[in-house]
1. Considering the dipole of the chain built from charges on the beta carbon (Lys and Arg +1, Asp and Glu -1) around the Cα centre, which of 87, 22, 55 is farthest to its positive end?
2. How long are the three semi-axes of the equivalent ellipsoid for the stretch 22-132, computed from the Cα gyration tensor as the root of 5 times each eigenvalue, in whole Å, largest first?
3. What list of ³J(HN,Hα) couplings, whole Hz, do you get for the stretch 42-48 from phi and the Karplus terms 6.51, -1.76, 1.60, once you set θ to phi - 60° and write x for glycine and proline?
4. Taking the mean number of other Cβ atoms within 10 Å as a proxy for protection, how do you rank 121-134, 72-85 from highest to lowest?
5. For n ≥ 4 DSSP H runs only, could you compute -39500 (n - 2.57) per run for the chain, divide by its residues and tell me the 222 nm figure to the nearest 500?
6. Could you list which residues have their amide H under 5 Å from that of residue 132, counting only those 5 or more apart in sequence or on another chain, with H placed in the peptide plane?
7. Got a sec? How would 54, 92 order by Cβ neighbour count within 10 Å, fewest to most?
8. Can you work out the Karplus-derived ³J(HN,Hα) for every residue in the stretch 58-63? Use 6.51 cos²θ - 1.76 cosθ + 1.60 with θ = phi - 60°, whole Hz, and x for glycine or proline.
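All of the numbers you see were taken from the coordinates with simple rules; none came from a lab. It should be emphasised that the depicted structure is a prediction, and the values quoted were computed from it without experimental measurement. Here Cβ is always computed from backbone atoms with ideal geometry, including for glycine, and neighbour counts include all displayed protein chains.
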Amino acid sequence: MTPQPYTGGCACGAVRYATKQAPVFQNHCQCRDCQRRSGTGHGAWLTFPARAEMAISGHATEWQVAGDSGHLKIHAFCPVCGTPVYLRFAAMPDLISVPAGSLDDPGRFAPQVLTYRVRGPAWDTIDASLKAFERMPAG
């Protein structure tokens, strides 16, 4: 049986993505960048191993920022509705991440860890059973 592809996109439907790949990492992130982008205490991400195998339709606008690690992150959002649709990493160009809330079926998000716990506000409580890292785990 072929696994269901991961599909999703922006709120207005102008930008869509799909991949048959399974995510290699799923996390909640409390870094300041995720807080600012989400408008709340954290972001929720699925990271896929093969950016080349992620089909993206429509045109996303990209902007860049240095993350807490100092590495450049390339954020993409829909220029029509403003929804964040994916994230790329200059230091790891094969990877691509999508926000859990952008999935057509957000119930497929299965967080494995919490990253950047040191930046988390006290009011943003995350499942205590998740392994938590003060920053991004190495390797």
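1. The listed residue farthest towards the positive side: 87.
2. They are 22, 16, 14 Å, listed largest first.
3. 6, x, 10, 10, 10, 10, 10
4. Working: 121-134: 11.2, 72-85: 17.4.
The packing order, highest mean first, is 72-85, 121-134.
5. Counting only the DSSP helices, I get -1500 deg cm²/dmol.
6. 114
7. Numbers: 54 19, 92 12.
Ordered by Cβ neighbours within 10 Å, fewest first: 92, 54.
8. Taking θ as phi minus 60°, the curve returns x, 10, 9, 8, 10, 9 Hz for the stretch 58-63.
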